[in-house]
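Data first, discussion second: the structure below is written as structure tokens.
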Amino acid sequence: MQGQGAAPREPADYVKRLFKMRETGLILIILALFIAMSFASPYFLTWVNMRAMAMAFAVEGIVVVGMTILLISGGIDLSVGSVTALAMVIAGLLFLNGVDPWTASAISILCCAGIGAFMGFFVTKVGLHHFIVSLAVMVIARGACLLGTGGRPLGLYTLPPEFKFVGQGAVGVIPIVIIIFVVVVLAFDFMLRKTTAFRKVFYTGSNEKAAAYSGIRTKRVIFLTTTLCSTLCGVAGIIYMARFGSAQPTFGIGMELNVIAAAVIGGASLSGGSGTIFGAILGAILLSVVSSSLALLDVSVYWQDIIRGSILLAAVSIDHYLNKRRGR
């Protein structure tokens, strides 16, 4: 006989619950695209293309992690592309002026953290909205990139091999970039799911006033998540610099579209309070597969922009519909 507790779940209940998860739907869509593209193009499932796709979403995926956590807290950051480019430019200029590349990278990442703290101050202390503050910083950071470089890429041909290894090297057949990406994803996914400090991010995004009444220092949570997002942009910028051996002042234009789209497609709500790192990364993978497929099918780059924008609009519409159903 069974005890007085709840009845054990049937296997059908677990299957039903699994198919209700947003991540399951994304995995099925990605698998369907893989199958379709394997017939549509003989080059899709080649090692070269798979590696290119993985490298494309891996570094951007680090920024997606930061954006997802920020969205869960109720914020948003439009400056991620400009801050990533600025990280490259700061580190590149320091290196060209004789600073060790590792030291230059550390200083650059700290500068990006400072930019995030700057935005966090205006959001939490001045009371401005994330959208306005990050929009202003997006323009300022891009202007700083162009001012510091004269609008020309910085050729960093003398970067030492051990530094370039971060962006270009591999352990066996696995690129270092992928390893860094996986470590970042696993670390933040664990913290978001299991640690008390990161659970406060969900409470703050769900209902900031209620969270504050319950004793959570919501302003501090928002400040830290804003700083974290920009810091991860700095990390991504340094990896890009090591990968390409240069600093591009125009790099990252439109990155905010891909990053926000990936997070929202993966289940992060623009209203805050919900989202997972795993789902957001699946969103990034989906967008990378779509971009690779369109390129292999020789679709015009202009149509690619239209399709990516349409995917974002669809994801936001679904998010809005789900929030209405929850009564938010």
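The values are calculated or read from the model by the stated rules, or taken from the named source; none is laboratory data. Fair warning: this is a prediction, and the values are worked out from it, not measured in the lab. Positions of Cβ are generated from backbone atoms using ideal geometry, with glycine treated the same way; all protein chains shown enter the neighbour counts. Areas reflect the complete protein model, heavy atoms only, side chains present, ligands, DNA and RNA absent. Shrake-Rupley method; radii C 1.70, N 1.55, O 1.52, S 1.80 Å.
Looking only at the range 143-192, residues that are over 12 Å from Met55 (Cα atoms), touching a residue at least 12 places away in the same chain (Cβ under 8 Å) and part of a helix (DSSP H, G or I) come to 14 in all.
All conditions in (1) within 21 Å of the chain's Cα centre (by Cα); (2) in contact (Cβ under 8 Å) with a residue 12 or more places away in the chain; (3) more than 20 Å from Gly205 (Cβ to Cβ) hold for Ala136, with the sole exception of (2).
Within the range 41-61, no residue that is on the phi > 0 side of the Ramachandran plot sits with its Cβ atom under 7 Å from a residue that is modelled with pLDDT of 90 or more at 6+ positions apart or across chains. Does Ala295 fit the bill of being closer than 21 Å to Ser79 by Cβ, part of a helix (DSSP H, G or I), at pLDDT 85 or above and not acidic (Asp, Glu)? Spelling it out, it is not the case that Ala295 is closer than 21 Å to Ser79 by Cβ, part of a helix (DSSP H, G or I), at pLDDT 85 or above and not acidic (Asp, Glu). When Thr24 is tested against the conditions (1) open to solvent by 10 Å² or more (accessible area, probe 1.4 Å); (2) at pLDDT 95 or above; (3) among the hydroxyl-bearing types (Ser, Thr, Tyr), the lone failure is (2).
Pull up the range 41-98, narrow it to residues that are open to solvent by 10 Å² or more (accessible area, probe 1.4 Å) and among the charged types (D, E, K, R), then point me to the one that is modelled with the highest pLDDT. Out of the qualifying residues, it is Glu60. The listed residues are Gly237, Gly215, and the only one of them that is outside any helix (DSSP H, G or I) and either open to solvent by less than 30 Å² (accessible area, probe 1.4 Å) or of a type outside the set (Lys, Arg) (or both) turns out to be Gly215. The set of residues in the range 240-267 being out of contact with any Ser or Thr (no Cβ under 9 Å at 6 or more places or on another chain), hydroxyl-bearing (Ser, Thr, Tyr) and not in a loop (DSSP other than H, G, I, E, B) consists of Ser246 alone.
Within the range 67-85, the set of residues being over 11 Å from Gly275 (Cα atoms), assigned to a helix (DSSP H, G or I) and of a type in the set (Ser, Thr, Tyr) comprises Ser82, Thr84. When residues in the range 109-125 are screened for being within 14 Å of Gly75 (Cα to Cα) and touching a residue at least 12 places away in the same chain (Cβ under 8 Å), 7 of them pass. Out of the residues in the range 240-282 that are closer than 26 Å to Phe95 by Cβ and in contact with a Lys or Arg (Cβ under 9 Å, 6 or more places away or on another chain), state the one that is most open to solvent (accessible area, probe 1.4 Å). This residue is Ile253. Using the structure shown, decide if Ile140 is open to solvent by 30 Å² or more (accessible area, probe 1.4 Å), modelled with pLDDT of 95 or more and closer than 22 Å to Val185 by Cβ. Considered against the rule, which asks whether it is open to solvent by 30 Å² or more (accessible area, probe 1.4 Å), modelled with pLDDT of 95 or more and closer than 22 Å to Val185 by Cβ, Ile140 comes out as no.
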